[in-house]
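Q: Before we start, here is the structure in question, set down as structure tokens.
The values are calculated or read from the model by the stated rules, or taken from the named source; none is laboratory data. Predicted model, so just to flag it, every value in this text is computed and none were measured. As a convention, Cβ positions derive from the backbone with ideal geometry for all residues, glycine included, and neighbour counts pool all protein chains shown.
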């Protein structure tokens, strides 16, 4: 099950999906030491984004979220990839800066996110021509 | 890389920068700028002739690595570029009680920006310096209060830029041809009508701050137009209004009918179209908004007064010095954040040494961002909506908001005092 997407930051990753109902501002929204959500007003407060394929409708909030994304990618407490319903310039910048500085990719792609649920295993691949694929890996499928 | 940027048109200059013709630093900055512009959906880039960088406040190692990468790549800013506040007062270093391991990288971040050719202005009010832009000038500014001031009060043109991107614009002299750089997105959309009751009941600074809070809460991402605002004697009340609006919301531009340059009339502010919504602001709304800025009751003892958020202007210094001359001896210290350039003028004029009061001048940073205040155990009085909003969370103080007159009277009384009217 593969859906077509647009790539905004390059790379490929495969991990478990964490689907947030609402957009998350990384600045003030996550603890950079742990990657866990600390925004008390967010419905998924307490959940950790570290190592997941983070799926959310859109980014939100402060422009300092670019720096926070770059910082959590550097520390290894950030998501493995981000799938958004709508393009987000702030997160895109954070991922590109992290890739350039540290050589660690956190691909960011945009596609319809209906049907993506927490716990699914997802493979996100951003191609050089700005297209991307988001694939749901079925249990037992060869990886 | 350019082949992989569908949907965005790049000039020969843009492509040359991307290729690295102007060095690795410029190429790195252009790669990030193009990706950002693409995510916005901008059709291309346009020239800018000034920038203001909000990257001097340390958020972590990545902030420093980014700037040092540009320095290592031989980067230089291509347009006159000012710097926002950092976490350290480089002129009065003893004032900031920031300890290691945070202090060194915070200070390095400030000096690394200077290595790129940025001006060491270290102020959140670059519009008070000789780098103030002019009407219609295309610029790329960070710092929310500076952005709203430049767009609204001056009529210069910038989007709300932030971490990394403001510097990428400065390093390339380019910005996405999108948003508030263009004509149509500057059209006023939400009309706020100030009732006579509000302007009668509240005068001066506090009215402007309250209106700022309200439009920030209610305008969303639409451009607000304010009708019925009294014409202020200086631009400082508009500074307070914009700073408050950018604190409670994401306002990057407001129009005040008969006051700001793109709003000579209501029709001009709305560009001849009807508003998408009209919201009345009454005296009750103003009172309710201001209630959010005070966590203690009248008469509560205070440990300090904090002024100058955004940085105190020369006109504000004139008012303060005049007030202090007749107010009596303050019992608590008065901290004033101000720009280096403003302080230089005060010192040249020889006006500060004449004051025999506990006045602590802070430059390069701000009292709500970094450990400066001697005492955090009591309430602090401020005339800044932005300070009152952020300080309880940032530095853990109780806070009371009032006009500049209220603040001076409270400093003398040693407790929260509000002068009627």
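Q: How do the strands (runs of 3 or more DSSP E) wholly within the stretch B:332-421 filter down when requiring 1 or more residues that are within 13 Å of residue B:307 (Cβ to Cβ) and modelled with pLDDT under 95: which remain?
A: Correct list: B:359-362.
Q: Given the conditions (1) crowded, with 23+ Cβ neighbours inside 10 Å; (2) within 13 Å of the chain's Cα centre (by Cα); (3) facing another protein chain (nearest Cβ under 9 Å), which single one is not true for residue A:97?
A: Result: residue A:97 fails condition (2) only.
Q: Residue A:107: closer than 21 Å to residue B:39 by Cβ, more than 13 Å from chain B (Cβ to nearest Cβ) and in contact (Cβ under 8 Å) with a residue 24 or more places away in the chain, yes or no?
A: no
Q: Filter the helices (runs of 4 or more DSSP H) completely within the stretch B:1-85 down to those with at least 2 residues that are in contact (Cβ under 8 Å) with a residue 60 or more places away in the chain and more than 25 Å from residue A:59 (Cβ to Cβ).
A: The helices (runs of 4 or more DSSP H) meeting that bar are B:12-19, B:24-40.
Q: Which of (1) buried (at least 21 other Cβ atoms within 10 Å of the Cβ); (2) at pLDDT 95 or above; (3) under 29 Å from residue B:143 (Cα atoms); (4) more than 9 Å from chain B (Cβ to nearest Cβ) does residue A:5 not meet, given it meets every other one?
A: Of everything listed in (1) buried (at least 21 other Cβ atoms within 10 Å of the Cβ); (2) at pLDDT 95 or above; (3) under 29 Å from residue B:143 (Cα atoms); (4) more than 9 Å from chain B (Cβ to nearest Cβ), residue A:5 misses just condition (3).
Q: If a residue must be over 15 Å from the mean Cα position of the chain (by Cα) and not in a loop (DSSP other than H, G, I, E, B), how many such residues does the stretch A:100-135 contain?
A: 4
Q: Right, here's the next one. For residue B:369, are the conditions met, namely being free of Cβ contacts under 8 Å to residues at least 40 places away in the same chain, surrounded by 15 or more Cβ atoms within 10 Å (Cβ to Cβ) and within 29 Å of residue B:245 (Cβ to Cβ)?
A: In short, no.
Q: A further question follows. What are the residues in the stretch A:67-89 that are within 7 Å of another protein chain (Cβ to nearest Cβ) and either without any contact (Cβ under 8 Å) to a residue 24 or more places away in the chain or over 19 Å from residue B:64 (Cβ atoms) (or both), if any?
A: A:87, A:88, A:89 - these are the residues of the stretch A:67-89 that are within 7 Å of another protein chain (Cβ to nearest Cβ) and either without any contact (Cβ under 8 Å) to a residue 24 or more places away in the chain or over 19 Å from residue B:64 (Cβ atoms) (or both).
Q: Next question, about the same structure. How many residues, within the stretch A:80-93, are crowded, with 21+ Cβ neighbours inside 10 Å, under 15 Å from residue A:58 (Cα atoms) and under 12 Å from the mean Cα position of the chain (by Cα)?
A: Of the residues in that region, 7 qualify.
Q: Please give the helices (runs of 4 or more DSSP H) falling wholly within the stretch B:91-192 in which 1 or more residues are surrounded by fewer than 23 Cβ atoms within 10 Å (Cβ to Cβ).
A: B:103-115
Q: Then there is this: In the stretch A:11-22, is there at least one residue being within 25 Å of residue A:103 (Cα to Cα) and part of a loop (DSSP other than H, G, I, E, B)?
A: Among the residues of the stretch A:11-22, not one is within 25 Å of residue A:103 (Cα to Cα) and part of a loop (DSSP other than H, G, I, E, B), which makes the answer no.
Q: Which of the residues spanning the stretch B:133-174 are within 15 Å of the chain's Cα centre (by Cα) and within 12 Å of chain A (Cβ to nearest Cβ)?
A: B:141, B:142, B:143, B:144, B:147, B:159, B:160, B:161, B:162, B:163, B:166
Q: Condition (residue is in contact with a strand residue (DSSP E or B) (Cβ under 8 Å, 6 or more places away or on another chain), surrounded by fewer than 24 Cβ atoms within 10 Å (Cβ to Cβ) and farther than 27 Å from residue B:248 by Cα) applied to the stretch A:57-76: is it met by at least one residue?
A: Checked the stretch A:57-76: no residue is in contact with a strand residue (DSSP E or B) (Cβ under 8 Å, 6 or more places away or on another chain), surrounded by fewer than 24 Cβ atoms within 10 Å (Cβ to Cβ) and farther than 27 Å from residue B:248 by Cα.
Q: Answer with yes or no whether residue B:120 is touching a helix residue (DSSP H, G or I) at 6+ places or on another chain (Cβ under 6 Å) and either modelled with pLDDT of 90 or more or more than 14 Å from every other protein chain (Cβ to nearest Cβ) (or both).
A: Yes.
Q: Further, regarding this structure: Look at residue B:191 and say whether it is within 14 Å of chain A (Cβ to nearest Cβ) and modelled with pLDDT of 95 or more.
A: no
Q: Would you tally the residues in the stretch A:25-50 being touching a helix residue (DSSP H, G or I) at 6+ places or on another chain (Cβ under 8 Å), within 14 Å of another protein chain (Cβ to nearest Cβ) and over 18 Å from residue B:162 (Cβ atoms)?
A: 2
Q: I want to confirm something. Restricting to the stretch A:51-66 and keeping residues that are within 14 Å of chain B (Cβ to nearest Cβ) and outside any loop (DSSP other than H, G, I, E, B), which single residue is modelled with the lowest pLDDT?
A: A:65
Q: Residues being without any contact (Cβ under 8 Å) to a residue 40 or more places away in the chain and loosely packed, with under 14 Cβ neighbours inside 10 Å: count how many of those fall in the stretch B:254-283.
A: 5
Q: Just to verify a result, which residue in the stretch A:23-38, among those that are outside any loop (DSSP other than H, G, I, E, B) and free of Cβ contacts under 8 Å to residues at least 24 places away in the same chain, is surrounded by the most Cβ atoms within 10 Å (Cβ to Cβ)?
A: Among them, the one singled out is A:37.
A quick yes/no check of all residues on (1) within 14 Å of chain A (Cβ to nearest Cβ); (2) in contact with a helix residue (DSSP H, G or I) (Cβ under 7 Å, 6 or more places away or on another chain):
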{"position": "B:7", "(1), (2)": "yes, yes"}
{"position": "B:23", "(1), (2)": "no, no"}
{"position": "B:47", "(1), (2)": "no, no"}
{"position": "B:51", "(1), (2)": "no, yes"}
{"position": "B:55", "(1), (2)": "yes, yes"}
{"position": "B:83", "(1), (2)": "no, yes"}
{"position": "B:90", "(1), (2)": "no, yes"}
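Q: Sticking with this structure for a sec: Looking only at the stretch B:313-328, decide whether some residue is at pLDDT below 95, outside any helix (DSSP H, G or I) and touching a helix residue (DSSP H, G or I) at 6+ places or on another chain (Cβ under 9 Å).
A: Yes, there is a match, as at least one residue in the stretch B:313-328 is at pLDDT below 95, outside any helix (DSSP H, G or I) and touching a helix residue (DSSP H, G or I) at 6+ places or on another chain (Cβ under 9 Å).
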